[in-house]
Amino acid sequence: MDAAEFRKRGKEMVDYVADYLEKIEKRQVFPDVEPGYLRPLIADCAPQDPESFEDVFKDIEKIIMPGVTHWHSPYFFAYFPSASSFPALLADMLCGGIGCVGFSWAASPACTELETVMLDWLGKMVNLPEEFLAGKDGQGGGVIQGSASEATLIALLAARTKTIRQVQSEKPELTETEIMGRLVAYASDQAHSSVERAALIGAVKIKNIPSDDTFSVCGSALKKVLDEDKAAGLIPFFFCATLGTTPCCSFDKLLELGPICNKENIWMHIDAAYAGSAFICPEFRHLLNGVEFADSFNFNPHKWLLVNFDCSAMWVKKRADLIGAFKLEPLYLQHHHQESGLVTDYRHWQIPLGRRFRSLKLWFVLRMYGVKGLQEHIRKHIRLSHQFEHLVLQDERFEICAEVVLGLVCFRLKGSNELNEALLKSINDAKKIHLVPCHLREKFVLRFAICSRTVESTHIKFAWQHISQLATDLLKTWEQNHHEQ
């Protein structure tokens, strides 16, 4: 393909993507395929001779689309939102076109410098304390990670290195292996599985702190476990607080937890993967109160801020703590500006060496929506979640299982877990809308997350009428079956 054909095909692809997104609600939200559907549809091995773009293009609808779950459909209410917008897609095209691998400042100065400035913009939008910003000569700063899981892992590994060095300086007789064996990380029993996975990769123990009636961790619960562990000779070193848990969007009590972590010299990381975007609205910023006690903070613009995946924003108070854990300087990666103090080499802030020019997406979206446009997007989603909550509450067969704070509603039929499992199965089998469940204590609960950029009040009403009708049908057969038994 030469430049001339690229121009032509590029325009066709933009039209195809625009049509796809514009007419997405006409597509069934969840595919009708069985595992292994794709292999019989394509050749056993790559073609020896080149094929035409037309042939490839034809196969998109024939082979790919039948197996796509349409995350951006207004009937998609599963997981959490996956952000998308036309400015972000255009920026991603430019990122692919420039194609730099920005592991150091010298590898592409714009790639590094735009990221530093964009993370300062974003930090100011959520009113982060000054210490988290790079500014002209700050100690902190932000970086774009691939996902919140990576951010948690990076924070945990940096905390591990920092603690080992500290303990070794106080007790030189202890080996690194002995210290590692005593280290303990902590997170809520509602925290995302990626926190446990980070501890697994970091080869340290992790303990769940029990959450309270509102599914939040409070200070006393953390303190109790810390006291027991210290008495047993263990070394608490890392606590991951969650703002907006995956099961029900609950919030750990930062103002109680932060001072304890600071006093005990424990690294506090805040995972606000989904909820963090809402903090750009002044009326939700209070949920971030206590961030001043944290060592690192992360949220995903690729969930709720109209920037397509992957773009996970992470800030640290002391970037030296990250760099100190991961810095290696082979000659082939060195450049003559690296000791100037004016440049950031982001390879020291992340797991991979290479990185894409992801800050372009932030730059395009923040400029083309403005803070006000992004606030309106968040507020609209939250209004729609309260609309759905209101519909649920009007039906005495159903119950709401957790406070609705942002764009997630946890609900279920009053009755057994089996009944609710059957309801979810009938919803997802019908494939008109898509939901996923969670467990809250012993209850099987349905999660209704407001996801799509294009979702409107009419889609919420349709979803509720559909759920309500399926519940009516289910309860009829359920009662008959139980009556016969």
Exercise. What number of residues in segment 56-72 are closer than 22 Å to residue 6 by Cα and either aromatic (Phe, Trp, Tyr) or open to solvent by 60 Å² or more (accessible area, probe 1.4 Å) (or both)?
Worked result: 5
Exercise. Just wondering, is there one or more residues in segment 37-49 that are open to solvent by less than 70 Å² (accessible area, probe 1.4 Å), in a helix (DSSP H, G or I) and not β-branched (Val, Ile, Thr)?
Worked result: no
Problem set entry | Elements of type strands (runs of 3 or more DSSP E) contained in segment 255-325, each with 2 or more residues being of a type in the set (D, E, K, R), under 25 Å from residue 89 (Cβ atoms) and open to solvent by 10 Å² or more (accessible area, probe 1.4 Å) | none
For this session: Have a look at 74, 81 and point out the one that is out of contact with any Cys (no Cβ under 6 Å at 6 or more places or on another chain) and touching a residue at least 24 places away in the same chain (Cβ under 8 Å).
Result: 74
For this session: Give me the pairs, please: first residue somewhere in segment 212-241 and surrounded by fewer than 16 Cβ atoms within 10 Å (Cβ to Cβ), second residue anywhere and in a helix (DSSP H, G or I), beta-carbon distance under 7 Å, and either six or more positions apart or on two chains.
Result: 233/182
Problem set entry | Neighbours by Cβ (under 9 Å, 6+ apart or cross-chain): first from segment 121-146, touching a residue at least 24 places away in the same chain (Cβ under 8 Å) and farther than 18 Å from residue 311 by Cα; second hydroxyl-bearing (Ser, Thr, Tyr) and surrounded by fewer than 23 Cβ atoms within 10 Å (Cβ to Cβ) | 134/116; 134/344
Exercise. Just to be sure, is residue 416 modelled with pLDDT under 95, in contact with an Asp or Glu (Cβ under 7 Å, 6 or more places away or on another chain) and of a type outside the set (D, E, K, R)?
Worked result: no
Exercise. Residues 67, 102, 36, 96: which one is of a type in the set (Gly, Ala, Ser), at pLDDT below 90 and out of contact with any His (no Cβ under 9 Å at 6 or more places or on another chain)?
Worked result: 102
For this session: Scan segment 209-241 residue by residue and report those that are of a type outside the set (Asp, Glu) and assigned to a loop (DSSP other than H, G, I, E, B).
Result: 210, 211, 214, 215, 216, 217, 218, 232, 233, 234
For this session: Identify the residue in segment 432-462 that is touching a Leu at 6+ places or on another chain (Cβ under 9 Å) and part of a helix (DSSP H, G or I) and, among all such residues, is most open to solvent (accessible area, probe 1.4 Å).
Result: 461
Seminar exercise, completed: Only unsatisfied item for residue 32, checking (1) open to solvent by 80 Å² or more (accessible area, probe 1.4 Å); (2) free of Cβ contacts under 8 Å to residues at least 40 places away in the same chain, is (2)
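The values are calculated or read from the model by the stated rules, or taken from the named source; none is laboratory data. Just so you know, these numbers come straight off a predicted model, no measurement behind them. So basically every Cβ, Gly included, is an ideal-geometry build from the backbone, and we count neighbours across all protein chains shown. Surface areas here come from the heavy atoms of the whole protein model, side chains and all, with no ligands, DNA or RNA. Shrake-Rupley method; radii C 1.70, N 1.55, O 1.52, S 1.80 Å.
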